[in-house]
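What follows is one structure encoded as structure tokens, with my remarks underneath.
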Amino acid sequence: MDGEPVWLCSVSHQLNGRIVATGTWKKHDFAFAERLAHTALAGVGDQARERAFRMNITFCIHRAVSAFEKATLPRSWACATGGMAGGPVQVLWSRGIAHRPAAMPCVNPGHLLINPERPDLWLPDDCGQCEPCLARAAIAQKIGFNT
């Protein structure tokens with residue numbers, strides 16, 4: 001979130017001991033995951049600045065830390081080398097933050113299979129050519145993060 005620290009809550013769903021891919025979730029599954037995530041995030045961060053997105057295994061919310069929380073982070077936090085996660089599979093909603101290209105899904109992602117027997121469970125592999133991928137690559141270069 002523009003280089004700011006965030007809280008992250010992710011929710012997955014299993015049925016009969018098997019992960020249910022978010023690509024098959026129904027509207028009520030997302031509603032339940034959102035309620036659960038907001039319950040877990042109660043009392044932390046800045047509720048006015050958050051984004052919900054999905055990966056193929058999890059529903060996620062990134063919530064910006066509050067000004068108070070940021071002020072209480074140790075000085076070492078500001079000096080630490082940042083890291084980067086890849087792009088989401090889908091941005092579901094956001095509030096109080098801009099839709100920056102680096103936070104958007106790759107237009108043509110490769111599929112890094114988590115389990116060859118489950119083609120529905122994959123991590124997006126940036127194509128490296130579209131606007132979101134180029135934006136993530138520029139950030140990675142700026143912070144010295146090798147992808």
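What percent does the relative contact order of the chain come to when contacts are Cα pairs within less than 8 Å and at least six residues apart?
Across the chain, relative contact order equals 22 percent.
Put +1 on the Cβ of each Lys and Arg and -1 on the Cβ of each Asp and Glu in the chain; which of 11, 104, 123 then has its Cα farthest toward the positive end of the dipole?
Of 11, 104, 123, it is 11.
How far apart, in nm, are two points set 7 Å out from the Cα along the Cα-to-Cβ line at residue 41 and at residue 71?
Computed distance between label sites residue 41 and residue 71 equals 2.3 nm.
Roughly what would the spin-label model give for residue 31 and residue 92, points 7 Å off Cα along C-beta, in nm?
1.2 nm
So for the chain, what are the equivalent ellipsoid semi-axes in whole Å, largest first, each being the square root of 5 times an eigenvalue of the Cα gyration tensor?
For the chain, the ellipsoid semi-axes come out as 25, 22, 13 Å.
At 7 Å along Cα-to-Cβ for each site, give me the label-to-label distance between residue 12 and residue 138 in nm.
Between residue 12 and residue 138, the label points sit 3.4 nm apart.
Kirkwood Rh over alpha-carbon pairs of region 1-84, then Stokes-Einstein at 20 °C and 1.002 mPa s: what D in µm² s⁻¹, rounded to an integer? Could the numbers behind the result be given before it?
Numbers: Rh = 14.2 Å.
Calculated translational D: 150 µm²/s.
Please list the radius of gyration and Dmax for region 87-147, considering alpha-carbon atoms only, with Å as the unit.
Values for region 87-147 (Cα only, Rg and Dmax): 13.0, 40 Å.
Coordinate-derived values only; no laboratory data. Remember, it's a predicted structure, so these values are computed and weren't measured experimentally. Reconstructed Cβ throughout: ideal geometry from the backbone, glycine too, with neighbour counts over all protein chains shown.
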